[in-house]
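Below is one structure, written out as structure tokens; comments come after it.
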Amino acid sequence: MTLEERINQSETRVCVTVFPFVTNHHDTLFGGKAMAIMDEVSFMAATRFCRKRLVTVSSDKINFEKAIPSGSIIEAIARVDSVGRTSVKVKVEIYLESMYKDGRELAIQGMFTLVALDDDKKPIPVLEGLDVD
């Protein structure tokens, strides 16, 4: 399987309904909850990509571009962006949809880096035999 095929097959999409118990005092999705959703979906995509034990080591420049009101549907889409020797970077986008109107728009995006670990929690190659930087 080529790297591009592996990336395509590991793309992960998760839909969530934004209920009041995950919102802040402005009745919009709490930023920490959005980041938790993004971290989880990035973990799923990275795991599907390499089938290794992974941990998140960083998140980069998460842009909250549009507030997500209670009563919305969101779709988090995670896709492998780049692959290092022991790490994988995953781009996550969250799209906002109204429950009662057609259309959707990009609301949040960010990048997550995960590292593959062995049983002793030491970094290991993400993919054997793959020549990447």
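Let's see how each residue does on (1) within 12 Å of the chain's Cα centre (by Cα); (2) in a helix (DSSP H, G or I); (3) touching a residue at least 24 places away in the same chain (Cβ under 8 Å):
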| residue | (1), (2), (3) |
| --- | --- |
| Arg6 | no, yes, yes |
| Gln9 | no, yes, yes |
| Arg13 | yes, no, yes |
| Ala46 | yes, yes, yes |
| Phe49 | no, yes, yes |
| Val57 | no, no, yes |
| Ile62 | yes, no, yes |
| Lys66 | no, no, yes |
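Rundown of residues vs (1) under 18 Å from Ile124 (Cα atoms); (2) surrounded by fewer than 18 Cβ atoms within 10 Å (Cβ to Cβ), yes/no style:
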{"position": "Asp27", "(1), (2)": "no, yes"}
{"position": "Lys33", "(1), (2)": "no, yes"}
{"position": "Phe43", "(1), (2)": "yes, no"}
{"position": "Ser59", "(1), (2)": "no, yes"}
{"position": "Ser70", "(1), (2)": "no, yes"}
{"position": "Ala76", "(1), (2)": "no, no"}
{"position": "Ser82", "(1), (2)": "yes, yes"}
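Only one of the numbered conditions (1) in contact with a His (Cβ under 9 Å, 6 or more places away or on another chain); (2) modelled with pLDDT under 95 is violated by Pro69, and that is (2). Which ones in region 68-90 are outside any loop (DSSP other than H, G, I, E, B) and within 15 Å of Val115 (Cα to Cα)? Of everything in region 68-90, those that are outside any loop (DSSP other than H, G, I, E, B) and within 15 Å of Val115 (Cα to Cα) turn out to be Val80, Asp81, Ser82, Val83, Ser87, Val88, Lys89, Val90.
Can you name every residue in region 15-25 that is surrounded by fewer than 17 Cβ atoms within 10 Å (Cβ to Cβ), over 19 Å from Met111 (Cα atoms) and in contact (Cβ under 8 Å) with a residue 24 or more places away in the chain? Hits for region 15-25 are Thr17, Phe19, Pro20. Leu96: more than 11 Å from the chain's Cα centre (by Cα) and either of a type outside the set (Ser, Thr, Tyr) or at pLDDT 95 or above (or both), yes or no? So Leu96 passes the test. I'd like the full set of residues that are under 19 Å from Ser59 (Cα atoms) and of a type in the set (Phe, Trp, Tyr), limited to region 78-133. Within region 78-133, Tyr95, Phe112 meet the criteria.
Glu105 falls short on exactly one of the conditions (1) surrounded by 17 or more Cβ atoms within 10 Å (Cβ to Cβ); (2) in contact with a Leu (Cβ under 6 Å, 6 or more places away or on another chain), and that condition is (1).
Figure legend. Inter-residue proximity from region 103-119: first residues aliphatic (A, V, I, L, M), second residues part of a strand (DSSP E or B) and modelled with pLDDT under 95, beta-carbon distance below 6 Å, spacing 6+ or different chains. Indicated pairs: Met111/Asp60.
Among the residues of region 91-103, the ones that are assigned to a strand (DSSP E or B) and more than 15 Å from Val14 (Cα to Cα) come to 1 in all.
The values are calculated or read from the model by the stated rules, or taken from the named source; none is laboratory data. Being a predicted model, the structure only gives us computed values, none of them experimental. Cβ coordinates were reconstructed from backbone atoms using ideal geometry, including for glycine residues, and neighbour counts include every protein chain displayed.
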